[in-house]
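The values are calculated or read from the model by the stated rules, or taken from the named source; none is laboratory data. What you see is a predicted model; the values in this text were computed from it and never measured. No Cβ is skipped: glycine too gets one built from the backbone with ideal geometry, and neighbour counts run over all protein chains shown.
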Amino acid sequence: MYYDPTYLCFMLPALLLMMLAQWRVSSTYSKWGKTRNALNLTGLDAARRLLSASGSAAGISGAEGLSAVQLAGTGGTLTDHYDPSKNTLFLSQGVAQNPSVASIAVAAHEIGHASQQAEGYGPLRLRSLLVPAVNIGSSLGWIMIIGGLLLNIIQISWLGVLFFSLGAVFALATLPVELNASSRARAMLAENGMLASEEDTRGVNEVLNAAALTYVAGLASAVLQLLYFVSMVGGRRRS
C-alpha cells in the first residue's frame, strides 16, 4: 500500500503540471521583474495609487472600503498577500521597491483581493468559510482512510475520503477567486493609466497568467489525489 504504483499513475501528471507552473512563474517573474514599467512605479507606488484611486472609483461596490487598507512589508520572495483579518496588504521587498512590470502586476493582484473583500465577493466568502473544515479534513482524512483500510472498516475509509475531498473543493473555490483578482488588477491598472505602454500590458498579462497556472495545477493535484483515494478504497471494497 505504501509503494502502490497506482499512486504514481495518478499523481505524476499533477506533479509535472506543478513543476511546469512553478517554472513558468519563476521565469516570467524573472523576466518582467527586470523590466522597468513605463511610469517607473515601484510596487509600493502602484499600491498607493490604486488604493487612493479606488476610494472614488465609480461603479465598484464597496470600493470605499479600500481607503482603509494598510500597507506593510514582508520577508521572502513572492510572499506578497492581502490579509483580510488585518485589512493589510503585505508586499515583499522585491515588489515594493522595484519599479518593474512584475511589481505593479503583483501589487494590483493583491489589491484585487482587497477589492473582493470590500464588496463581499461570493466565491471569496465561500473559500473563507471552507478554511476551518479543510484544515480538519486535510489532517484527519488520510488518517481515516488508512485506518479504515487497516481495520477493514470500509465505512471509516469512505468518511475519510469525504473529509479529504474538502481540499479539492477548496482548490476549486480558489480558482475563480484568483482569476477574478487578476481580472480586477488588469482593469484597475488600465483605468488608472498605469499601463502606459504595450510592453507594460503584455508583461502584466504574462505575470498574471503565469500565476493563474499555479492554481490550475493545484486544483488538478487535489482532484487527482482525491481520485486516487477513491480508487484505493473502492478497490479494497471490491476485493
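Below, the figures for the structure above:
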read-out: Tally, over region 63-74, of residues that are of a type outside the set (A, V, I, L, M) and at pLDDT below 95; value: 4
read-out: Test: ASN205 is within 30 Å of ARG36 (Cβ to Cβ), over 19 Å from the mean Cα position of the chain (by Cα) and either of a type outside the set (Asp, Glu) or surrounded by 15 or more Cβ atoms within 10 Å (Cβ to Cβ) (or both); value: no
read-out: Subset of region 76-100 [in contact with a helix residue (DSSP H, G or I) (Cβ under 6 Å, 6 or more places away or on another chain), in a loop (DSSP other than H, G, I, E, B) and crowded, with 19+ Cβ neighbours inside 10 Å]; value: ASP80
read-out: Matching entry among LEU208, LEU219, LEU213, LEU227 (being farther than 30 Å from TYR29 by Cα, assigned to a helix (DSSP H, G or I) and touching a residue at least 40 places away in the same chain (Cβ under 8 Å)); value: LEU227
read-out: Evaluation of ALA96 against (1) farther than 27 Å from GLY73 by Cβ; (2) of a type in the set (A, V, I, L, M); (3) touching a strand residue (DSSP E or B) at 6+ places or on another chain (Cβ under 7 Å) (one fails), failing number; value: (1)
read-out: Hits in region 75-132 - residues which are on the phi > 0 side of the Ramachandran plot and polar (S, T, N, Q); value: ASN87
read-out: Residues located in region 116-136, provided they are out of contact with any Pro (no Cβ under 7 Å at 6 or more places or on another chain) and touching a residue at least 40 places away in the same chain (Cβ under 8 Å); value: GLN116, ALA118, GLU119, GLY120, TYR121, LEU124, LEU126, ARG127, SER128, LEU130
read-out: Where a residue in region 98-109 is within 11 Å of LEU44 (Cβ to Cβ) and its partner, wherever it lies, is in a helix (DSSP H, G or I) and basic (Lys, Arg), with Cβ under 9 Å and at least six apart; value: none
read-out: Subset of region 102-127 [within 15 Å of ALA187 (Cα to Cα) and touching a Ser or Thr at 6+ places or on another chain (Cβ under 6 Å)]; value: HIS109
